[in-house]
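First comes the structure, then the notes that go with it.
The values are calculated or read from the model by the stated rules, or taken from the named source; none is laboratory data. Bear in mind that the values here come from a model prediction, so they are computed numbers and not experimental data. Heads up, the Cβs are rebuilt from the backbone with ideal geometry, glycines too, and the neighbour counts pull from every protein chain shown. Quick note on the areas: whole protein, heavy atoms, side chains included, nothing else; ligands and nucleic acids left out. Shrake-Rupley method; radii C 1.70, N 1.55, O 1.52, S 1.80 Å.
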Amino acid sequence: MPYYQLLKQRRLSLRLSIQDISSQTRLAPQYIQAVEENNLAVFNDDFNFIRYFIRYYCEAIGVNWNAIQPEVDANIAAYASNRTTKISDGTAENKITKTKKRASAKKSKPKKKKKKDHPIRKRLNYAFNKSKNARYYRIGVLVLCVVLVLALINWGISYSANKSTQTAEAERQAELAKKEQETKKLAEQRQSSTTSTDTIEMQATDKENNVYEVAGILTGSKSVDLTITMPEDSTVVVYKDDTLVSDSDTETVYSDTYTQSISVSSKCTIQVEIGTYSNNKIKINGKSVTFNKTNWQKGEPAVLYFDIVKTLSDTSDSSSDDTSSDSTTDTSTDTTSTDTTTTDTTTTDTSAADTTYYTDDSTYYDSTATYNDGSGTVY
């Protein structure tokens, strides 16, 4: 692909107009268009200005000037050569026009009748050997031969330059293709490495209320990567431990796809609220999450909770530890704590016969279990 088409393609890929580039670089729009159309005549044969302009344009849109410089120089040289040839052709045409005018002026004068019996070969022999101007005729023929030889040499140089340019372009394209393959290979290796490092585990701890436990992030990627498809325009608000994430906004309406990366360094809870839920597809670090509509009514925000833990057993262990600790504290400090402990014990006790299990990605969930957070609230 020629360099000027490469520049135009790069500008279009950045979704920039010629006026945008002109405003950014303060270069005249007609010069930018002339470069993309390879119309070097606009620059009035100021070849140094052409090189400067193209280099400045490359820097503005992020194209490597050193990679295309040989092609630009060759293109300018070819243009200069063609320009010189056209000028010389124009001069020759002017001379021919003047000669025709002189010939027409001479025709108006009476001429002597030519001898019909005089052969052309004898006239040429006479002109080059016996006439008074024979010497000048011979010099003229010699000059004409020299001009023809120089024209052939110039054509040979131009052909060689074009051939070299084509060869250099082919080598450059081969080098770019090789680098692109290397880059693609490195990207695949990095993606494979990232996939193996960021493997997470997920299970629903309260499926009806869309509460999930996520393990593997604290030892892997160190970030929660949230992706939500948006069949309908909607607001998306994200909280981390009841604190609004800095990149999140309660008023912005998103469309198509919403993405958010949340850095985590310890156990926390990520809360996601989708203002207008319409069978959105939700993923955490590439792992799909199912939204349960049991306790959700249409028109209300869809809320999901993700407890980030080191292992899938941390949440249950910490809950039981908190419950036992709260029970001991209440017993020692308040005489009414005995009733509270009794109530908590009653609510958390479930029989094996009434226990119902749900399966979600090979994970089991106890729908009859209730929990006490230690503050007296049972849920």
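Worth a mention:
- Within the stretch 11-29, residues that are within 14 Å of Cys58 (Cα to Cα) have Cβ atoms under 7 Å from residues that are open to solvent by 30 Å² or more (accessible area, probe 1.4 Å) and outside any loop (DSSP other than H, G, I, E, B) in these pairs: Ile18/Pro29; Ile18/Gln33; Ser22/Pro29; Thr25/Tyr56; Leu27/Tyr56, counting only partners at least 6 apart in sequence or on another chain.
- Test: residue in the stretch 223-243 that is open to solvent by less than 70 Å² (accessible area, probe 1.4 Å), outside any strand (DSSP E or B) and on the phi < 0 side of the Ramachandran plot: no
- Any chance Asn280 is touching a Ser or Thr at 6+ places or on another chain (Cβ under 6 Å), modelled with pLDDT of 90 or more, among the polar types (S, T, N, Q) and part of a loop (DSSP other than H, G, I, E, B): yes
- Within the stretch 248-281, being under 13 Å from Ile228 (Cβ atoms), touching a residue at least 40 places away in the same chain (Cβ under 8 Å) and surrounded by fewer than 16 Cβ atoms within 10 Å (Cβ to Cβ) holds for Ser278, Asn279, Lys281.
- Of all the listed residues (Ala170, Ala174, Ala161, Ala204), the sole one being part of a helix (DSSP H, G or I) and surrounded by 11 or more Cβ atoms within 10 Å (Cβ to Cβ) is Ala161.
- Across the stretch 31-73, the qualifying residues are those that are assigned to a loop (DSSP other than H, G, I, E, B) and not polar (S, T, N, Q), and the one among them that is most open to solvent (accessible area, probe 1.4 Å) is Glu37.
- Just one of (1) charged (D, E, K, R); (2) assigned to a helix (DSSP H, G or I); (3) over 36 Å from the mean Cα position of the chain (by Cα) fails for Lys132. It is (2).
- Test for Tyr79: is it among the aromatic types (Phe, Trp, Tyr), within 30 Å of Leu152 (Cα to Cα) and assigned to a helix (DSSP H, G or I): yes
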